[in-house]
Amino acid sequence: MTRRSLFRRSKVKSAMKRDNQEETINEPKITTDLDENMKTIKDVLGNPADLVVRELIIGEIETRAAIVYLSGITEEDLLNDNIMKAIQQNLKRFDDDLLENIRKEVIAVTDIKNSNDFDDVCLAVLNGDSAFYLDGSQEVLLMGTSGGQNRSIEEPDTETLIRGPRDGFVESMNTNMALIRRDIKIPNLRFEQHTVGGRSKQKLVVCHVEGLAHPELVEEVNRRIKSIDLDYVTDSSFVEQWIEDSFLSPFPQVLDTERPDVVSASVMQGKVGIIVDGSPFALIAPMTFNDGLSSPEDYTQRWLAASSLRLLRFLAAFIAIFLPGLYVALATFHPGMIPSTLAYSIAASREGVPFPAVIEAILMALTFELLHEAGIRLPNVIGQTIGIVGGLVIGEAAVNAGIVSPIMVIITALTAIASFSIPSYSLSMGLRTLRFIALLAAGTLGLYGIILVFIMIVAHIVNLKSFGIPYTAPFGPLYLQDLKDGIIRVPMTDLPRQTAHLKMSDAEFEHAPNEKRKNKKR
Amino acid sequence: MSKSHFADDRIQSLDIMVALPSIVIGVGILSFPSTLAQSTKFADGWVVVILGGLISIFFTWAVTKLGAKFPHQSFYSYASHLVSKPVASIIILLFSLNGIFLTAFEVSMIGFISHQYLFEQTPREVVSIAFFLAVIYAVAGSRSGIFRINLLFSPLIFLISFILIFFSINFMDVDHLLPLFKTGMDGYVEGTIQSALSYSGFGVLFFYIAFVCDPEKVPKRAVAGMSSVVCLYLFIYLTCIAVFGHAPTGEIRWPFIELAQSVEIPGGFFERIEAVFFTIWITAIFTTAMIGFDITILALQMIFPKRDKIVLIFILAPIIFFISLLPKNYMENHYFDIFIGYVSWLLPMIVVILFWIMYRIKGGLENGK
């Protein structure tokens, strides 16, 4: 599996390289002539409606110049006040190197750089920066004016908490980086920038704390990100699916989150965060099964409550996969195992139901998936309709019409609730798919089939790895220290500072920068 | 994908400690109290459980101590150092045959027990092949994955055993245990052999010790693992005798499962616990079959180093399944059981004695040779 994928990726990559080389032959260049430069950029961008080319004459010097930017993704206030005004009202005269002096003395923007490469200029303009062309100069000033309308920081919709920070990531990468920076005020926090998307050239940032994250882990993450070969990355999930270890597995091997506090906490554990520009979901690698079942709430609540919630979630994961299967197995293969009174009531309620229990269970599971899918697609206003349709029509009417038994409705509802109580949505999706396999196995081999499915699932996840870390980490390869934050969560004072399975060995520790050593002293 | 710091296939001595119970505990324990009750009187079996246990613990120690003298060396490399290459190859071939038979036995046993407790009509072959496919799937994964499966399943196995013992306290009758020491000398000797046979499985340590990153700790850990098995067997044996009495225990085919049938869990949601119990016990049988198969492949890979693991699995799987279908009824399978028991005891025992003698004569292997 891995071999095949690796092969494919490298093949595609070399093909891409060839393409790039061919493209570079007829590359547009920056010349000293302003009009020609304006023509080039208009040609390349296709002179779109949002392209603003403002030609102006610099005060006192009386030289022609132009500012090029895309309206909408640029902060036009900044452009008007600090750049246009300053240039037009310029009173000084410069003798030598006009552009350098304008850069130093006229333009009042902090982020500014020179470039004479057309590709750079084009990319900068597409990113919302403004390009300042001066007649007679082959260099262009790129001014960091990107901005424009962005969603403000809001509470994340998908991972709500009773107690804990309320801010969530937004679509802007700079804001997201700032949110993490605000949480982790240590000099060793690193943001390494990559560009993904062969054509769209989107920004992506890998974030880790040097001295805490294992260097090989960081290197591996960077290596895999460099291997990404996509034309356009809509969301961080594209990156996730490209870099995860086993893309055929139903289990997610990279954690996604909308909460900056989760990323900060993970990064401080020695994990690596990945932020993609344009996506409010950050990625965290490596991920273990246990991570998928933990919520930030586990640390904000007191340990006893937190531990019981953890246990509850492990139970929920079990129910989400196996409950309908168990019901089918008990009802069809081993009715003798159910207490007789319950067995009678099940038999009575199933009277008149035309289908065998397996078909009934699969029907109900499918109906639930349909309701769930429809509920997501509908806007919030009509969303309630789905509740009524689901609750009344499917629940009441189906039972009254004798198509399904009331117990099956209870089982389906319980399974649904259990699958929604799993904090990681992608993990919960995976488990819900496995539920159908468990159902089929239970329908053919009863309890025996269920235990075999259980064994197969275990055999599958013990072989899963997320960036070299075994998926079943604290339990699989046993890390006794980490069990304190495994099925239960011990009191905060006993909690290990950093999970053992992410720690560096002592020899590497000696070479690591200060942060780690300070940690140990404390 | 790449070799990183975390991604190595080395295992720890702790994994050995857990793997040992995983291979020893399988189907043997289900009928174990019955065989002992046939050779000893009343509750005297505890003496032989401990005696047999001590013998197996001793051999476990002997195997691991020898292995620890050759750290990070494969069985083939130190075996050919001690007893020339051809002899080593024959021994390895025997071990792989042993593994084939062990796996086949577990697979066929699943069929027989399932027929008794889970379904009557489903053909035995279907039940066996479903189980065997799961075993193949697990073996096809990485070796460290196999040890992780053991780590995840062994708490489950010990937990379910102790739950069962705990809930049968109500049904125990201390009179069943008395009087003490009524068995004759013959009974003790026979019983000790019987009990020692059910502890078979330490032979796998010959092979796995090469992968351990801290071999010097292995003897202690392996002894601890084996001792935990002896304790579990002792508890189970005493519970069965105390609940059923001496004579009935000898008559029951699988006293440990029947124990589940007789207990009632208060508040009783499940009525026939034995089906649930057996279902969970399948994980114990699974780990035994899985390690048996893995050892076979590991051994054969030493002789045929160029063969791919997957190829070996696909060659061996039909053979093992065919052998597992050979016993036509429970009695034939029982003889199969006795045969397996003797083979998987005598083979490692003879080998370890031979190796120790050769080690005393030839001495250790210097690193790098």
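The values are calculated or read from the model by the stated rules, or taken from the named source; none is laboratory data. Computed from a prediction, not measured in an experiment: that's the story for all the values here. Cβ: placed from backbone, ideal geometry, glycine included. Neighbour counts: every protein chain shown.
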Test: residue in the range A:425-440 that is of a type in the set (S, T, N, Q), surrounded by 22 or more Cβ atoms within 10 Å (Cβ to Cβ) and in contact (Cβ under 8 Å) with a residue 12 or more places away in the chain: no
Residue list for the range A:81-100, restricted to those being farther than 17 Å from A:Tyr69 by Cβ and buried (at least 16 other Cβ atoms within 10 Å of the Cβ): A:Asn90, A:Phe94, A:Leu98, A:Leu99
Flag if A:Ile417 is away from chain B (no Cβ under 14 Å), in a helix (DSSP H, G or I), surrounded by fewer than 13 Cβ atoms within 10 Å (Cβ to Cβ) and not acidic (Asp, Glu): yes
For A:Ala329: the one exception among (1) touching a helix residue (DSSP H, G or I) at 6+ places or on another chain (Cβ under 6 Å); (2) closer than 28 Å to A:Ile153 by Cα: (2)
Count of the range B:221-247 residues which are part of a helix (DSSP H, G or I) and farther than 18 Å from B:Ile23 by Cα: 11
Every pair of residues 6+ apart whose Cβ atoms lie under 7 Å, when the first sits in the range B:279-290 and is at the interface with another protein chain (Cβ under 9 Å from one of its Cβ atoms) and in contact (Cβ under 8 Å) with a residue 24 or more places away in the chain while the second is hydroxyl-bearing (Ser, Thr, Tyr) and buried (at least 24 other Cβ atoms within 10 Å of the Cβ): B:Thr279/A:Tyr448
Those strands (runs of 3 or more DSSP E) lying entirely in the range A:126-211 with at least 3 residues of a type outside the set (A, V, I, L, M, F, W, C): A:189-196, A:202-209
Test: A:Gly197 is surrounded by 14 or more Cβ atoms within 10 Å (Cβ to Cβ), small (Gly, Ala, Ser) and either free of Cβ contacts under 8 Å to residues at least 40 places away in the same chain or within 14 Å of another protein chain (Cβ to nearest Cβ) (or both): yes
Residue in the range A:212-270 that is nearest to A:Glu155 (Cα to Cα), counting only those that are of a type outside the set (Gly, Ala, Ser) and part of a strand (DSSP E or B): A:Thr257
Qualifying residue in the range B:117-131 (condition: farther than 30 Å from A:Ala441 by Cβ, out of contact with any strand residue (DSSP E or B) (no Cβ under 6 Å at 6 or more places or on another chain) and in contact (Cβ under 8 Å) with a residue 12 or more places away in the chain): no
Residues that are at pLDDT below 85, within 28 Å of the chain's Cα centre (by Cα) and not hydrophobic (A, V, I, L, M, F, W, C), drawn from the range A:487-514: A:Pro496, A:Arg497, A:Gln498, A:Thr499, A:His501, A:Lys503
Residue check, A:Asn47 without any contact (Cβ under 8 Å) to a residue 40 or more places away in the chain and under 42 Å from the mean Cα position of the chain (by Cα): yes
Qualifying positions in the range A:223-238 - out of contact with any strand residue (DSSP E or B) (no Cβ under 6 Å at 6 or more places or on another chain) and not hydroxyl-bearing (Ser, Thr, Tyr): A:Arg223, A:Arg224, A:Lys226, A:Asp229, A:Leu230, A:Asp231, A:Asp235, A:Phe238
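Here is a list: A:Gly468, A:Gly443. Which entry is under 30 Å from A:Val254 (Cβ atoms), surrounded by 18 or more Cβ atoms within 10 Å (Cβ to Cβ) and within 14 Å of chain B (Cβ to nearest Cβ)?
A:Gly468
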